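Here is the structure we will look at, set down as structure tokens.
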Amino acid sequence: METVRARTPVDIAVMAPYLLGFHPEDSLVLLALDGRRVGLIQRCDIVPDEHAERAVRQMVGQVVQTRARAVVAVAYETRSGASARMRAVLADLVDRGVIGCSPVVVVRDGRWHSPDRDVEGWEEDGVVLPEASRVPGVAALVAHGRAPLRTRSDLAEQVAAGTHPCSTRVETLLAHRPKGPRGRARAISAWTAVLSAREPVDDLDDEVVVDLVVSLRDRAWRDALLAVLTPGPDAVPGIDPDDLRAAAAAARCCTWAHGAAGSGGGEVDGAPALDGAPALADEAALDVEALLDRLCGVARRVPEPRSAALLTVVGQVAWWSGSGALAGVALEAALRADPRYRLAVLLDQLVTHGIRLPAA
């Protein structure tokens with residue numbers, strides 16, 4: 001996704017729901033800045049005063065870990081003054097030189113306020129927020145398919161496993177599959193179908209969904225797939241090069257993953273499901289937002305008790321791409337499905353502590 005820029009803290013207040021994926025309520029949102037570019041985005045519920053210091057310190061500590069030197073802070077209130085203690089803690093950290101911060105904007109009832117009275121255009125009774133269409137950064141987000149949902153609960157529904165009517169049939173098919181992973185060719189075929197846009201997710205055959213779930217029992221395949229979908233600057237140790245090439249072939253429609261495994265996504269030996277597959281130019285390329293939408297759609301077709309691995313994949317791709325809110329709800333759902341699924345536990349710790357996965 002291209003860099004999204006903002007001009008003022010008020011612009012950020014309008015953009016934040018698009019960046020989070022939902023409209024925050026009773027929340028403090030911190031957006032780390034690299035120059036004028038938005039980096040790590042965090043949201044915390046407005047907490048009781050006795051917990052404010054710990055909550056704000058944790059948020060600022062996560063920003064500092066990213067080496068950002070400043071944040072923009074926006075408080076979304078339903079009651080006037082609800083965020084006052086959290087804002088006071090942030091102001092103290094700014095005064096002590098821990099982090100820089102532009103004047104805080106408070107949003108309430110569709111109007112923005114400047115408690116410090118330092119934001120240009122501030123008025124005693126607040127000012128109506130500008131329309132989203134008039135904020136340049138929002139246009140770029142909308143162009144990439146970002147549209148905020150009403151609440152965080154609505155976002156969680158996007159990854160609610162087992163809510164699709166066909167999940168019962170998927171459960172029946174899974175119950176008759178042998179334990180353990182199946183052949184790699186079926187895994188490649190299933191992921192090729194999902195990681196392209198040849199057909200809507202709801203039109204995928206149930207057997208494809210079953211093959212996808214079963215493929216993630218194979219940790220070697222899962223890790224190779226994640227290495228391709230969330231590439232970093234260095235090769236991932238311990239992953240078989242053949243697995244990486246197979247995963248790269250399945251993900252050839254994912255534009256950011258090209259070359260992640262030293263492969264252009266060509267044919268893979270032993271993968272007859274890819275024989276005669278059309279070239280990338282003949283298929284609809286996916287960006288990260290479109291992929292996440294497809295993965296969430298598949299997750300809704302998977303029975304909840306069997307969804308932990310797929311939801312963890314959603315969580316890692318979301319966290320890597322900067323969609324922290326989606327990562328959080330996906331990993332919460334994964335841990336509800338299987339509290340001991342180790343990769344979900346580890347990723348949840350990364351999200352909790354704000355440790356970013358390296359971007360390509």
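The values are calculated or read from the model by the stated rules, or taken from the named source; none is laboratory data. Owing to the predicted nature of the structure, the values given are computational and were not obtained by experimental measurement. Cβ placement follows ideal geometry from the backbone for every residue including glycine, while neighbour counts extend to all protein chains displayed. Keep in mind that these areas ignore ligands, DNA and RNA; they rest on the heavy atoms of the full protein, side chains included. Shrake-Rupley method; radii C 1.70, N 1.55, O 1.52, S 1.80 Å.
Structure summary
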quantity: Heavy atoms of HIS353: accessible area, 1.4 Å probe, square angstrom to 10; calculated: 80 Å²
quantity: Alpha-carbon gyration tensor eigenvalues x 5, square-rooted, for region 291-360, Å; calculated: 18, 14, 8
quantity: Exposure ranking of TYR18, TYR76 by accessible area [1.4 Å probe, largest first]; calculated: TYR18, TYR76
quantity: Global form of region 69-160, assessed from the alpha-carbon gyration tensor, a/c cut-off 1.5; calculated: prolate
quantity: Net charge dipole size for the chain [Lys, Arg +1 and Asp, Glu -1 on Cβ; Debye, nearest 20]; calculated: 680 debye
quantity: Chain lengthening between ASP203 and THR151 when straightened (0.36 nm per residue, less Cα-Cα); calculated: 15.9 nm
quantity: Electrostatic dipole magnitude of region 155-223 [Cβ: Lys, Arg +1; Asp, Glu -1; Cα centre; debye, to 20]; calculated: 500 debye
quantity: Protein accessible area in region 130-216, 1.4 Å probe - carbon and sulfur %; calculated: 52 percent
quantity: Per-residue ³J(HN,Hα) for region 77-86, Karplus 6.51 cos²θ - 1.76 cosθ + 1.60, θ = phi - 60°, Hz, x for Gly and Pro; calculated: 10, 9, 10, 4, x, 4, 9, 4, 5, 5
quantity: Accessible-area composition of region 286-360, carbon plus sulfur, in percent [1.4 Å probe]; calculated: 55 percent
quantity: For the chain: relative contact order, % (alpha-carbon pairs under 8 angstrom, 6 or more apart); calculated: 18 percent
quantity: Largest-first principal axis extents, alpha carbons of region 6-113, Å; calculated: 33, 32, 21
quantity: As computed over region 114-247, the Cα convex hull volume per residue (Å³); calculated: 213 Å³
quantity: Potential lengthening between ASP287 and ASP240 on full extension [0.36 nm per residue; Cα-Cα distance subtracted]; calculated: 14.3 nm
quantity: Helix-derived mean residue ellipticity, 222 nm - over the chain, DSSP H n ≥ 4, -39500 (n - 2.57), to 500; calculated: -13500 deg cm²/dmol
quantity: Computed log₁₀ I(q)/I(0) - Debye formula, equal Cα scatterers, no solvent, the chain, q 0.08, 0.09, 0.10, 0.14 Å⁻¹; calculated: -0.43, -0.54, -0.65, -1.13
quantity: Dipole magnitude of region 188-239, debye to nearest 20 (Cβ charges: Lys/Arg +1, Asp/Glu -1, about Cα centre); calculated: 340 debye
quantity: Dipole of the chain, positive end: most advanced residue of HIS113, GLY315, LEU286 [Cβ charges, Cα centre]; calculated: GLY315
quantity: Alpha-carbon centroids, region 72-97 and region 296-360: separation in whole Å; calculated: 30 Å
quantity: Angle in degrees between helix 49-65 and the longest Cα principal axis of the chain, rounded to the nearest 10; calculated: 60 degrees
quantity: For the chain, accessible area per residue (1.4 Å probe, heavy atoms of protein chains only), Å²; calculated: 47 Å²
